[in-house]
Amino acid sequence: MRAPSAVTTRAKKLSLLKQNKQVELFILNQGQGNKYTMHRSQIIGTGSSVPQKVLTNKDLESLVDTNAEWIITRTGIKERRIALNGEATSKFAYKASCNALEMAGMSPDEIDMIIVGTVTPDMLTPSVACIVQDKLKASRASAFDISAGCTGFIYSLSIADSCIKAGMCEKVLVIGAETLSKITDYQDRSTCIIFADGAGAAVLAKGDGEQGILSTHLFSDGSFGNLLYMPGGGSALPASNETVKNREHYLKMDGNKVFKIAVKSLEEAAHAALSHNNATVDSVDILIPHQANSRIIEAIAKRLNLPPEKVFSNIDKYGNTSSASVPIALDEANRQKRIKKDDLVLLDAFGAGFTWGSALIRW
C-alpha cells in the first residue's frame, strides 16, 4: 500500500510552505516601518456539549461479542456518550456554541460566519450551521457545513482563519459536531466500541500581535476513501429496501490499515505546522490530537518525542467523536487551565476521506 503522499509530493508541499512563509515575512517587513501589525485570528472562547446518556464497555458486552478489558486495551475507551432518539447533531452544536459565546462574552448578533464540520448532519439540507444560526438568532451570520471526516474542525478553523485574515469577517463561530451513533452498526464490534457523539466550538475574532492562529495545514488523499466510509444514503446508493437490508447506512472501516496511515499522516501534519513557523517540538506546550484511539495518540506522541504531560487525551471518557473530538478536547484543556497565555498549542487530526491537518496556535 502506498503512503498517503508520495515523497516528491511531500517535498513540493514543504517547499510551498517555505515560499508562503517567505512571502508572509516580506509583507511583515513592508508598510509603514515597524508600525505594520499583522492581524491574527484569536480564539476568545471555547465550548462543548455531550449527551447525558453514557454507554460503558460493560453495556457493550450485552450487544456484541466483546469484553470491557479488551476494549480498553485496544482503544483506551472506558465509556462514550450516545444521543437519545430525537437528539440530533444541531442540539449539541447549539449548546457548545452557547458555551463558547458565553466564555467569549459575545452575543450571537456579533457573529459574521458560522462553520460546522460534520459528517452526521440533521438532514442533507438545510445545513447544521443554518439550524444553529436560527437557534442562536445570529441573523448577520453566513452559515454552512463542510464534510472532512474527523479533520472537519481543523478544516473549518482554517477557512475561518483565512476569512478573518482576508478581512471578510471579524468574528467567526467554528463548530465540530457529530452524532456518530446514528450511523454506527451495533452488530459490528470493530466500530461500535469506538464511535460516539458530542460537539465542540470555538469563537475566533480578529486580533493584533503575536497571539492567535499562526498557521493551518490541510491534506487529503481520496484514493483511500474505501477504508473508512458509509456506502448508502448518497446519490450513488440512495436509500432503498435493499440498502437498508444490506446495512449500507452504517460506517465501514478497515481499522488496521487506517491505523498505519493515520499515525504517519498525523506526524506529517504536525511537522508541517512546526516547519512553517520555524518551531521545534520542544517549543510545543500542548498537543491536542484527534481522539481516535489511545494507541494512535501514544504513537504520534512517541514519533514527535513529546512527553505524556504535553499530550491532552480524554478518549477514555468520550470515545471517538470525529470532528467534535479536537474542539471538545480543546475546551476541556482550556477550562482545566492546561493552556496558559502564550502557550504554543498544536492541533492535529486525521479522518475519513482521507483527510488530515494541523493548526499551530499561540494562545
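We did not get these values from a lab; they are worked out from the coordinates using the rules stated. Remember, it's a predicted structure, so these values are computed and weren't measured experimentally. Neighbour counts are summed over all protein chains in view; Cβ atoms, including those assigned to glycine, are modelled from backbone coordinates with ideal geometry.
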Report the one residue of Ile111, Thr89, Ala141 whose Cα lies farthest in the direction of the positive end of the charge dipole of region 87-162 (charges on C-beta: Lys and Arg +1, Asp and Glu -1; origin at the Cα centre).
Thr89
Could you run the Debye sum over the Cα atoms of region 41-209, one equal point scatterer each and no solvent, and tell me log10 of I(q)/I(0) at q = 0.09, 0.12, 0.19 Å⁻¹, two decimals?
-0.33, -0.56, -1.09
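In a shell of Cβ-Cβ distance under 11 Å around Ala177, excluding Ala177 itself, what net charge do Lys and Arg (+1) and Asp and Glu (-1) give?
On the way: positive: Lys91, Lys95; negative: Asp122, Asp145, Glu178, Asp197.
Here the charged neighbours net out to -2.
Based on Cβ point charges of +1 for Lys and Arg and -1 for Asp and Glu, what charge dipole magnitude is obtained for the chain about its Cα centre, in debye rounded to the nearest 20?
Details: 41 positive and 38 negative charges, 119 e Å.
Here the size comes out at about 560 debye.
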Using only helices, what value at 222 nm comes out for the chain when you add -39,500 (n - 2.57) per DSSP H run of length 4 or more and divide by the total residues, to the nearest 500 deg cm²/dmol?
-11000 deg cm²/dmol
Within region 192-208, the residues whose backbone N lies under 20 Å from a label point placed 7 Å from the Cα of Val64 along the Cα-to-Cβ direction are 192-198
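Rounded to the nearest 5, what % of the DSSP beta bridges within the chain are antiparallel ones? Intermediate values should be presented prior to the final figure.
Details: 40 of 56 bridges.
So the antiparallel bridges in the chain amount to around 70 percent.
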Mind computing the radius of gyration and Dmax over the alpha-carbon atoms of the chain? Å is fine for both.
19.9, 69
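Provide, for region 213-362, the number of lysine pairs with alpha carbons under 16 Å apart, each pair being eight or more places apart or on different chains. Before the final figure, lay out the partial values.
Numbers: Lys260/Lys302; Lys264/Lys302; Lys302/Lys310; Lys310/Lys337; Lys310/Lys340; Lys310/Lys341.
Value for region 213-362: 6.
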Show me, bin by bin at 10 Å from 0, the whole-percent P(r) of region 213-362 based on Cα pairs.
11, 38, 30, 14, 6, 1
Order of Met123, Met103 - criterion: other Cβ atoms within 10 Å of each residue's Cβ, fewest first
Met123, Met103
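Taking the DSSP beta bridges in region 213-362 as the whole, what percent of them are antiparallel, to the nearest 5?
Working: 17 of 22 bridges.
Counting only bridges with both partners in region 213-362, antiparallel ones make up about 75 percent.
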Each label point is 7 Å from the Cα along the Cα-to-Cβ direction; what then is the distance between the points at Asn246 and His39, in nm?
5.0
